[in-house]
Amino acid sequence: MEGILSNLAVGFVHVFQPVNFLVLAIGIILGLLVAVLPGLTLVMGVVLALPFTYSMEVIPAIILLTAMYISGTYAGAWTSILFHVPGEPIDVPLLWDGYQMARKGRAAQALGWTLLSAFAGGMVAAVVMVLLAQPVARIALTFSTPEYFAILFFGLSSVVSLGGSSLTNALISLFAGLLIATVGVDDTYGTHRFTFNVPILSDGIDYLVVMVGAYGLGEVFLRLEQGFKSVPLDAVGKIRTRLPRLREVLATKMTFLRGSATGIIVGLVPGAGATVSSFLSYGIEGQYGRRRQKLGTGIPEGIIAPQTAATASVGGAIIPLVTMGIPGSGATAIILGAFLLHGLQPGPQVFQTSSHIIYAMFASVFVGIVVMCAIGYFATKYMVKVLAFPEVIVSAYVVMMCILGAFAARNNITDVWLVAIFGVLGYLFERFKFPITPLVLGVILGPLAESSFMTSMISYSNDWTVFFTRPISGPIMLIAILTLLYPVFRRMRQRMKQRIASQ
């Protein structure tokens, strides 16, 4: 323990050197800016920043990319809560309760809960990252493709159970998303699927296009049908960031703990990342939370669960990166590339040869979370003022962001037409009471689940029982199936009670 604390102290010394601290602040700001824009993901932001680290020393280079990674899991909450436009897939679960709170005139409270959740999840994960890096990484090293598929399947099943009052509609929405995700060239066999000889479809349909169109434009079309009747909220100019009281925090402490644990554990799994953590944590809260029946109506637990998990996944993903050289997410894969560019191979030996670099990275996580929350606290005060604008102006801004975000995703004008198509589809889903969430989730997680499934089938001679016989994937699959069946059992029990009462 003393050795860990002394090494961490050396890491803080490196971080607070003027150049390194300036680099960290720049990284936090860049991460916030990238995450706010729909179509520009945090992974894309880290990729764009990587070339600028070529001429930098290794410590400031790693600090810059790590800072962008941290803030990228938080800033998308602003557009999700205020505009109903998620900055990226991580922020989709924040729509369900955060946006509802904003429309009820509690935008400052919603953003305050988001800020506290990001701080709590990040700090808990940072402590775990420092104390348990090597032993936990050994456990994660035993994971193979069956475990990846089991976790993804669990994430899908959890959100389906929260898809709305109709399980049938939720399943239809999910399968539609999975179908959209199959369009393009099959990664395993290289065959064209559902392209209909249209060259544009050969590249597939980007999940950002589906997400921005269904949520962003779909909401605008729905409000257009209603004639933009919503009245601007009163006294928006007087709103200030409202952090929750201690009594409120203590009432939701179990949600904080569940979200942090989920983010850390899922972050450990290579390839899972913050998106899976966010969706899975919201699903777990919907199954085991104290106020699970009220999720989706604008309660703090619906904000705490996904945001805490998303930020906590940063610490979880860094653990296998630095101890075994295995990136736990897309962003850490880019950071791994930065290590290699500077002649360092992350792994157990790096703690012996270059521990000061690793602990400088650990320290930058602690400092980065504090700087991110400080910037977020003061920026929130100005962000909530957009709610004072007439709804038609805000909707025009949303349309502009959706179009720019769609084009920025792949610099392809076709994506702009696709985002309009999915905007209409999102409007129709809302109009006919089909939940959009399973659709978007299927598009996001579908390719990951398919890749893990196909790799498992190839590796284990098409033996599908491997998902149930392995000691880790088996229990996860069982829990996922029970999660799927739970709404059916609950409905059957309600019908039985009604029959007994009618008799």
Hits in region 75-116 (condition: modelled with pLDDT of 85 or more and among the aromatic types (Phe, Trp, Tyr)): Trp113
- request: May I ask you to list the residues in region 242-282 that are in contact with a helix residue (DSSP H, G or I) (Cβ under 7 Å, 6 or more places away or on another chain) and among the small types (Gly, Ala, Ser)?
  value: Gly259, Ser260, Gly263, Gly267, Gly271, Ala272, Gly273, Ala274, Ser277, Ser278, Ser281
- request: Scan region 476-503 for residues that are farther than 17 Å from Leu280 by Cα and of a type in the set (Val, Ile, Thr) and jot them down.
  value: Val488, Ile500
task: Test each condition in (1) at pLDDT 80 or above; (2) surrounded by fewer than 22 Cβ atoms within 10 Å (Cβ to Cβ); (3) not basic (Lys, Arg) for Phe149 and report the one that comes out false.
output: (2)
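Out of region 465-503, which residues are part of a helix (DSSP H, G or I) and of a type in the set (D, E, K, R)? Reasoning before the result, please.
Within region 465-503, the subset part of a helix (DSSP H, G or I) is 466-469, 473-502.
Hits for region 465-503 are Arg490, Arg491, Arg493, Arg495, Lys497, Arg499.
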- request: With respect to Ile264, determine if the residue is modelled with pLDDT of 85 or more, hydrophobic (A, V, I, L, M, F, W, C) and closer than 25 Å to Ile481 by Cβ.
  value: yes
query: Residues Leu404, Leu448: which one is under 29 Å from Gly45 (Cα atoms), buried (at least 18 other Cβ atoms within 10 Å of the Cβ) and either under 23 Å from the mean Cα position of the chain (by Cα) or modelled with pLDDT of 85 or more (or both)?
result: Leu448
message: Are there helices (runs of 4 or more DSSP H) fully within region 301-362 with at least 2 residues that are of a type in the set (Phe, Trp, Tyr) and at pLDDT below 75? List them.
response: none
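Quick one: which residue in Gly164, Gly204, Gly184 is surrounded by 14 or more Cβ atoms within 10 Å (Cβ to Cβ), at pLDDT below 80 and in contact with a Ser or Thr (Cβ under 9 Å, 6 or more places away or on another chain)? Before the answer, list the steps.
On the way: Gly204 fails: at pLDDT below 80; Gly184 fails: at pLDDT below 80.
Gly164 is the lone residue from the list that is surrounded by 14 or more Cβ atoms within 10 Å (Cβ to Cβ), at pLDDT below 80 and in contact with a Ser or Thr (Cβ under 9 Å, 6 or more places away or on another chain).
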- request: Within region 287-308, work out how many residues are closer than 15 Å to Gln100 by Cβ and surrounded by fewer than 24 Cβ atoms within 10 Å (Cβ to Cβ).
  value: 8
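Listed here are the residues, each with its yes/no results for (1) closer than 18 Å to Gly263 by Cβ; (2) among the aliphatic types (A, V, I, L, M); (3) free of Cβ contacts under 8 Å to residues at least 60 places away in the same chain.
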site: Ala61; (1), (2), (3): no, yes, no
site: Thr66; (1), (2), (3): yes, no, no
site: Tyr74; (1), (2), (3): yes, no, no
site: Phe83; (1), (2), (3): no, no, no
site: Ala102; (1), (2), (3): no, yes, no
site: Ala108; (1), (2), (3): no, yes, no
site: Thr114; (1), (2), (3): yes, no, no
site: Val124; (1), (2), (3): yes, yes, no
- prompt: So is Thr455 of a type in the set (Val, Ile, Thr), surrounded by 17 or more Cβ atoms within 10 Å (Cβ to Cβ) and either free of Cβ contacts under 8 Å to residues at least 24 places away in the same chain or within 23 Å of Ser473 (Cα to Cα) (or both) or not?
  reply: yes
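The values are calculated or read from the model by the stated rules, or taken from the named source; none is laboratory data. All figures in this text were calculated on a predicted structure; none of them were measured in a lab. FYI the Cβ positions are ideal-geometry reconstructions off the backbone, even for glycines, and counts take in every protein chain you see.
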